[in-house]
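Visitor: First the structure, then my questions, so here it is.
The values are calculated or read from the model by the stated rules, or taken from the named source; none is laboratory data. Keep in mind it's a predicted model, so treat the numbers as computed, not measured. Methodologically, a virtual Cβ is constructed for each residue, glycine included, from the backbone with ideal geometry; neighbour enumeration extends over all protein chains shown. For the accessible areas, the whole protein counts, side chains as well, though only heavy atoms, and no ligand, DNA or RNA atoms are used. Shrake-Rupley method; radii C 1.70, N 1.55, O 1.52, S 1.80 Å.
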Amino acid sequence: MYEDILLQVMKPGRYIGNEWNVSKKDFGKSFVKFALCFPDLYEVGMSNLGVRILYGILNNIEDVVCERVFACALDMEKILRELKREILSLESKKPLKEFDILGFSLGSELGYTNILNILDLGNIPLRAQERDNSFPLVIGGGPCVLNPEPMHEFFDLFFIGEGEDFIKEFIDLYRKNKEEFKAGRISKKDLLMVFSKIEGVYVPSFYDVAYDSNGKFLEFKAKSEQFPQPIKKRFVSDLNKSFYPVEWLTPYIQIVHDRLAVEITRGCPNRCRFCQARSCYFPLRQRNVENIVDLAKTMYKNTGYDEVSLLGLSVSDYAYIEKLVSQLTEYFKEKAVNISLPSVKAKTMVGNLSTVIASVKKTGLTFAPEAGTQKMRDLLAKDFDEEQFFKALEQAFISGYQHVKLYFMIGLPFETNEDLDGIADLSLRVSDLRRKVAKYPAQVNVSINTLIPKPHTAFQWFGMPSSEEIKEKQMYLRNKIKNRKITLSFQSRDVSFVEAVFSRGDRRLSEVVLSAFKNGARFDAWNEHFSIDKWLAAFSQTGIAPGYYLEQIERSQQLPWDFIDVGIPKQSIMLEANEISA
């Protein structure tokens with residue numbers, strides 16, 4: 001229990017559990033005990049829809065108890081280590097060793113050291129080969145498993161794809177084999193062989209890799225024909241029939257996305273060449289309007305939240321968006337509940353939807369041009385029409401909007417200063433446009449990230465500019481944009497560097513993650529905690545040259561992540577890459 005130390009840490013609400021709508025199952029009487037682990041703070045993890053979905057599915061299975069484990073903040077970690085105490089689950093305050101399965105969500109490469117920290121605080125051996133049948137199985141899923149190789153050494157298995165159907169199959173098989181496994185009558189290898197028959201399951205220990213004398217990746221190969229290759233990504237075929245967590249857990253403290261969220265689509269109709277999420281959530285599926293409205297009504301009655309957010313990779317491309325927003329607005333207007341949409345497309349706002357959007361709470365509008373010139377947007381295959389964009393913005397300013405957020409990327413292949421000038425020019429035009437309908441220009445927040453050439457995208461073969469080159473581009477834009485109405489923010493160059501290395505990495509990087517963890521790396525997605533020195537030391541300690549992973553790759557070379565079939569043929573992705581190079 002944590003009661004004696006809660007007053008010594010910031011935000012003790014992170015650790016108390018017992019929220020509204022929490023599951024209250026009997027831990028001791030449940031046959032299968034599953035710890036759902038999220039390698040970041042409570043506020044971040046509770047904003048993750050996947051965590052909520054799996055939590056609901058598992059606790060709806062009669063003989064299964066699922067409890068949550070989030071990363072401890074640094075102050076809590078310090079106290080636990082000083083007192084030689086273990087990390088505990090949120091619901092029953094149980095140590096990790098009392099669970100059968102530890103399921104980790106791999107949402108970002110920048111959370112890898114937090115995974116090791118959770119295991120270490122639970123006195124669980126970090127390497128999979130060091131854990132026998134007396135320890136829980138450690139499994140992983142989420143967006144980062146589109147290339148799980150840098151974490152292969154720490155996991156018994158990964159699940160590739162969407163987990164709604166998989167998790168029930170997995171639990172069924174574990175239930176049938178648990179007693180034999182825990183009694184030692186079947187080995188962990190035998191149990192993993194059973195799981196490997198489930199479509200989408202990848203057991204790293206059943207595969208070998210090879211490198212040439214210069215360290216270049218050569219081959220990925222199953223140790224036996226009975227192990228699948230490639231591993232096919234799983235996906236839910238019908239969202240309307242899939243589970244959705246209407247008994248929405250309502251935290252006592254503010255979380256990152258502190259509102260109701262209804263997923264209206266999964267997948268994306270667009271083909272932006274830089275976007276890994278397109279491959280991760282392919283193909284496109286949509287919920288029915290009636291299903292969405294029913295979910296929103298039920299979730300509101302179960303919580304009392306005053307905001308409903310519509311979720312999807314491209315919400316404004318939802319086929320019935322106008323009808324949906326109209327119905328939700330009509331139902332919730334007397335209840336003082338706001339309907340919020342994430343980044344919208346200008347062409348959607350130009351239509352009748354603009355009238356509906358004008359009636360919702362005036363917060364800010366977010367657009368993602370991604371590049372400042374049409375040349376670069378064509379290279380990215382980004383659907384963005386400047387004429388429609390400015391027409392939509394003018395309508396938004398007329399209806400009362402004052403703030404706009406724009407997302408851009410730099411570090412693109414063939415990028416010139418003229419393309420950077422385009423970012424500055426577009427941002428200034430957005431701000432000045434408001435003068436047409438109001439006395440003052442708009443406040444424009446410009447977020448600029450570095451393009452990371454991610455696996456399973458058309459950019460996966462392209463190299464990434466060095467940190468020095470990115471620094472020059474950032475300084476160029478800072479000098480170009482001096483307007484006080486425009487706020488520039490850049491993703492850290494060092495953070496982008498580490499993220500890129502591990503998103504494009506191979507098995508050798510497991511040792512780097514372990515070394516960085518031992519160096520004290522934690523919460524690398526948080527600028528105040530990230531330390532490039534700890535990572536550079538880890539690369540040096542393991543003899544790994546990180547620059548190798550940022551180099552351009554020959555199209556004929558096998559890639560460390562090629563064994564995963566995301567549903568989009570590699571040849572199709574290569575054709576897009578060839579169009580970029582043309």
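Visitor: Name the single residue, out of those in segment 426-440 being assigned to a helix (DSSP H, G or I) and exposed (fewer than 15 other Cβ atoms within 10 Å of the Cβ), that is modelled with the lowest pLDDT.
Guide: Once the filter is applied, the top-ranked residue is Lys436.
Visitor: Moving to a separate point now. For Val194, which of the numbered conditions (1) free of Cβ contacts under 8 Å to residues at least 40 places away in the same chain; (2) among the β-branched types (Val, Ile, Thr); (3) in contact with a Gly (Cβ under 8 Å, 6 or more places away or on another chain) fails to hold?
Guide: Unmet condition: (3).
Visitor: Looking at segment 154-212, which of the residues that are part of a loop (DSSP other than H, G, I, E, B) and of a type in the set (Asp, Glu) is nearest to Ile53 (Cα to Cα)?
Guide: Among those that are part of a loop (DSSP other than H, G, I, E, B) and of a type in the set (Asp, Glu), it is Glu162.
Visitor: Looking only at segment 204-240, how many residues end up being open to solvent by less than 40 Å² (accessible area, probe 1.4 Å) and charged (D, E, K, R)?
Guide: 2
Visitor: Could you say whether any residue in segment 475-482 is in a loop (DSSP other than H, G, I, E, B), more than 30 Å from Tyr549 (Cα to Cα) and of a type outside the set (A, V, I, L, M, F, W, C)?
Guide: yes
Visitor: Continuing with the same structure: Can you pull out the residues in segment 225-256 that are farther than 17 Å from Gly13 by Cβ, out of contact with any strand residue (DSSP E or B) (no Cβ under 8 Å at 6 or more places or on another chain) and either assigned to a loop (DSSP other than H, G, I, E, B) or without any contact (Cβ under 8 Å) to a residue 12 or more places away in the chain (or both)?
Guide: Listed by number, the residues that qualify are Glu225, Gln226, Lys241, Ser242, Phe243, Pro245, Val246, Glu247.
Visitor: Quick one: Ser515 ticks every box in (1) out of contact with any helix residue (DSSP H, G or I) (no Cβ under 7 Å at 6 or more places or on another chain); (2) open to solvent by less than 30 Å² (accessible area, probe 1.4 Å); (3) over 30 Å from Pro283 (Cα atoms) except a single one, so which number is it?
Guide: The failed condition is (1).
Visitor: Please enumerate the residues belonging to segment 543-573 that are open to solvent by less than 30 Å² (accessible area, probe 1.4 Å) and in a helix (DSSP H, G or I).
Guide: Pro546, Tyr549, Leu550, Ile573
Visitor: So, in segment 77-136, of the ones that are free of Cβ contacts under 8 Å to residues at least 12 places away in the same chain and within 18 Å of Glu511 (Cα to Cα), which residue ends up most open to solvent (accessible area, probe 1.4 Å)?
Guide: Glu130
Visitor: So which residues in segment 291-322 are closer than 21 Å to Asp258 by Cα, open to solvent by 30 Å² or more (accessible area, probe 1.4 Å) and aliphatic (A, V, I, L, M), if there are any at all?
Guide: Leu311, Leu313
Visitor: Restricting to segment 275-290, give me the number of residues that are within 23 Å of the chain's Cα centre (by Cα), of a type in the set (A, V, I, L, M, F, W, C) and surrounded by fewer than 20 Cβ atoms within 10 Å (Cβ to Cβ).
Guide: Adding up the residues that qualify gives 3.
Visitor: When you look at Tyr281, is it among the aromatic types (Phe, Trp, Tyr) and closer than 19 Å to Ile53 by Cβ, yes or no?
Guide: On the way: among the aromatic types (Phe, Trp, Tyr): yes; closer than 19 Å to Ile53 by Cβ: yes.
Considered against the rule, which asks whether it is among the aromatic types (Phe, Trp, Tyr) and closer than 19 Å to Ile53 by Cβ, Tyr281 comes out as yes.
Visitor: Go through (1) touching a helix residue (DSSP H, G or I) at 6+ places or on another chain (Cβ under 7 Å); (2) at pLDDT below 90; (3) open to solvent by 30 Å² or more (accessible area, probe 1.4 Å); (4) not in a loop (DSSP other than H, G, I, E, B) one by one and return the number of the condition Thr355 breaks.
Guide: Checking Thr355 against (1) touching a helix residue (DSSP H, G or I) at 6+ places or on another chain (Cβ under 7 Å); (2) at pLDDT below 90; (3) open to solvent by 30 Å² or more (accessible area, probe 1.4 Å); (4) not in a loop (DSSP other than H, G, I, E, B), the one that fails is (1).
Visitor: Next question. When the residues of segment 1-42 are narrowed to those that are in contact with a Pro (Cβ under 8 Å, 6 or more places away or on another chain) and either assigned to a helix (DSSP H, G or I) or without any contact (Cβ under 8 Å) to a residue 24 or more places away in the chain (or both), which ends up nearest to Leu173 (Cα to Cα)?
Guide: Tyr42
Visitor: Hey, does segment 49-69 have a residue that's open to solvent by 20 Å² or more (accessible area, probe 1.4 Å) and under 21 Å from Leu110 (Cα atoms)?
Guide: Scanning segment 49-69 turns up at least one residue that is open to solvent by 20 Å² or more (accessible area, probe 1.4 Å) and under 21 Å from Leu110 (Cα atoms).
Visitor: Something else: Of all residues in segment 441-470, count the ones that are modelled with pLDDT under 95 and of a type in the set (A, V, I, L, M).
Guide: Residues in segment 441-470 being modelled with pLDDT under 95 and of a type in the set (A, V, I, L, M): 1 in total.
Visitor: Residues to consider are Ser515, Ser496, Ser540; find the one that is assigned to a helix (DSSP H, G or I), in contact (Cβ under 8 Å) with a residue 40 or more places away in the chain and among the small types (Gly, Ala, Ser). Quick ask: steps written out before the conclusion?
Guide: Values: Ser515 fails: in contact (Cβ under 8 Å) with a residue 40 or more places away in the chain; Ser540 fails: in contact (Cβ under 8 Å) with a residue 40 or more places away in the chain.
Unique residue meeting the criteria: Ser496.
Visitor: Which of the residues that make up segment 373-402 are in contact (Cβ under 8 Å) with a residue 12 or more places away in the chain and within 26 Å of the chain's Cα centre (by Cα)?
Guide: Matches in segment 373-402: Met376, Leu379, Leu380, Ala381, Lys382, Asp383, Phe384.
Visitor: Then there is this: Looking at the structure I just gave you, is Glu247 acidic (Asp, Glu) and open to solvent by 70 Å² or more (accessible area, probe 1.4 Å)? Spell out the reasoning first.
Guide: Working: acidic (Asp, Glu): yes; open to solvent by 70 Å² or more (accessible area, probe 1.4 Å): yes.
The answer is yes for Glu247.
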